[in-house]
1. Restricting attention to the stretch 83-107, which residues are at pLDDT 90 or above, open to solvent by 40 Å² or more (accessible area, probe 1.4 Å) and either among the β-branched types (Val, Ile, Thr) or touching a Lys or Arg at 6+ places or on another chain (Cβ under 9 Å) (or both)?
2. Any idea which of Glu66, Glu73 is of a type in the set (Asp, Glu) and within 12 Å of the chain's Cα centre (by Cα)?
3. Would you say Thr17 is touching a Ser or Thr at 6+ places or on another chain (Cβ under 6 Å), outside any helix (DSSP H, G or I) and open to solvent by less than 80 Å² (accessible area, probe 1.4 Å)?
4. Do any strands (runs of 3 or more DSSP E) lying entirely in the stretch 39-107 carry at least 2 residues that are β-branched (Val, Ile, Thr), and which ones are they?
5. Identify the residue in the stretch 44-59 that is open to solvent by 30 Å² or more (accessible area, probe 1.4 Å) and touching an Asp or Glu at 6+ places or on another chain (Cβ under 9 Å) and, among all such residues, is nearest to Ile94 (Cα to Cα).
6. Within the stretch 65-80, take every residue that is more than 20 Å from Thr17 (Cα to Cα) and in contact with a strand residue (DSSP E or B) (Cβ under 7 Å, 6 or more places away or on another chain) and give me the one that is least open to solvent (accessible area, probe 1.4 Å).
7. Report the residue count in the stretch 1-51 for those that are of a type outside the set (D, E, K, R) and under 30 Å from Glu66 (Cα atoms).
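The values are calculated or read from the model by the stated rules, or taken from the named source; none is laboratory data. This is a predicted model, so every value here is computed, not measured. All Cβ positions, glycine included, derive from the backbone under ideal geometry; neighbour counts span all protein chains shown. Ligands, DNA and RNA are stripped out before the accessible areas are found, and what is left, the full protein with its side chains, is counted by its heavy atoms. Shrake-Rupley method; radii C 1.70, N 1.55, O 1.52, S 1.80 Å.
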Amino acid sequence: MKINRTLALLETGMGATKLLPSVQSVVLTLSQRTRAPGARHFWREHLRRVQYANPELPIIVNFPREPCKPVLEITFDNANPVSFNLDLLSSSDICKRLLEKAAQPSS
């Protein structure tokens, strides 16, 4: 029963979306010593759904020891990477920005 509930949570909700095939990687950098509640919640909740919906996509989470601002970087095939400063953003706003730039258009 618990497995079914976990799968249902991964398959639905914000972030449970296929990303464009041109997306090469997603990198989240989040300092161990900085408070960033929106970025941490995004990492725990939404990024898991993105990973489940895109199992072949490399998703990397970096936790440097030195303080730094939280950043999300999306790398595409033939373009410069797109980076977002996540400081002061809520987890849902972070997920919306990721999906605006990298999600496949809905049919």
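1. Hit for the stretch 83-107 is Asn85, nothing else.
2. Just one listed residue meets the conditions, Glu73.
3. no
4. On the way: elements: 59-62, 71-76, 82-85.
Per the criteria, 59-62, 71-76.
5. Filtering the stretch 44-59 for residues that are open to solvent by 30 Å² or more (accessible area, probe 1.4 Å) and touching an Asp or Glu at 6+ places or on another chain (Cβ under 9 Å), the one nearest to Ile94 (Cα to Cα) comes out as Arg49.
6. Looking at residues that are more than 20 Å from Thr17 (Cα to Cα) and in contact with a strand residue (DSSP E or B) (Cβ under 7 Å, 6 or more places away or on another chain), I get Pro70.
7. Total satisfying the criteria: 23.
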